Structure formats: structure tokens, C-alpha cells
């Protein structure tokens, strides 16, 4: 059983480490892996805007880089009027790594929306979509 409140608190903590000198829009994420480890991610901006890294991708990349490739759930939080919506790149990233992983979207007022990458990106582009899978 996933303790979503604990995962959300971890995402809030990660949000505080965001580097957002341009937008001032801090986002935090926390991903729980099958081994029980939690990896944090935050958005990191850059003056060359396309180089920015979102919290969701940051957390998943940290886990994957540590050898954790089975994901149980992820929580994402930002200071938004309703639960934060992931960008298109993050939707694709989550879809490819764990299309049916529970995703808890939230804001600082603890409004939440449970979903999955498959629900966030209907008809998502997967590895199987490629014709040359050598």
C-alpha cells in the first residue's frame, strides 16, 4: 500500500530545492520505487530555456540512474490553483518508463488528482511505436 500523504510531503520538500530564478514557479516530485526507496526531483531552470529540467523527469532520472527501474508511484506538487498539470515532455517521459504508474498531482493547498501517465497521454508514443527496434 502506498502512503500517498508521505509521498506528497516528500514532493513538497523537494519543491523547496527548486532553482527557478526566471519563472519563480517551483515544482517538486517524489517517486517511490519497488524497493521502497524514494527519489526526489525539482525543476531546475536555465537561461537557455530549452535546457530546463522538470521535477518529474528529475526524480525519475535520479531513480533510474541509481539502478531503480520499477516505479510504484509518483507525487508532483506546485503552487497552483488546482492540482498541477505535467508538461507534455513529462507526460511522455512518465508514459515510456511506467505507463500505468499511479500519479498523484497536487497543489500546496492539498488538492489532489490521482491519474496515470496513460490517462495523461492517451495514445502515447511508446518504444513499440518505433518500426526499427534493433
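Remarks
- Estimated at 0.36 nm per residue, the fully extended path between residue 61 and residue 126 surpasses their Cα-Cα distance by 21.6 nm.
- Diffusion coefficient (Stokes-Einstein, Kirkwood radius over C-alpha pairs, 4 °C, 1.567 mPa s) for the chain: 87 µm²/s, rounded to a whole number.
- Computed over region 4-129, relative contact order equals 21 percent, with contacts defined as Cα pairs under 8 Å that lie 6+ residues apart.
- Over the chain: helical MRE at 222 nm, DSSP H runs n ≥ 4 each giving -39500 (n - 2.57), nearest 500: -8000 deg cm²/dmol
- Rounded if a/c under 1.5, otherwise prolate or oblate - region 21-82, Cα gyration tensor axes: oblate
- Averaging Cα coordinates gives a centre for region 15-69 and one for region 102-134; these two points are 16 Å apart.
- Highest-MSF residue in the chain out of 47, 66, 109 [GNM, Cα springs under 10 Å]: 47
- In this rough spin-label picture, where each label sits 7 Å from Cα along the Cβ direction, the residue 70-residue 119 distance is 2.4 nm.
- Taking 0.36 nm per residue of separation and subtracting the current Cα-Cα distance, fully stretching the chain between residue 34 and residue 16 would add 3.9 nm.
- Bridges between two residues of the chain, per DSSP, are antiparallel at a rate of about 75%.
- This ranking places 127, 118, 37 by how few other beta-carbon atoms lie within 10 Å of each, fewest first, which gives 127, 37, 118.
- Maximal additional length on extending the residue 110-residue 3 stretch stands at 37.1 nm, based on 0.36 nm per residue less the C-alpha distance.
Read-outs throughout are calculated quantities, based only on the coordinates presented, and are distinct from any laboratory measurement. No experiment lies behind these values; they were computed from the predicted model shown. Quick reminder, even Gly has a Cβ in these numbers, built from the backbone with ideal geometry, and neighbours come from all protein chains shown.
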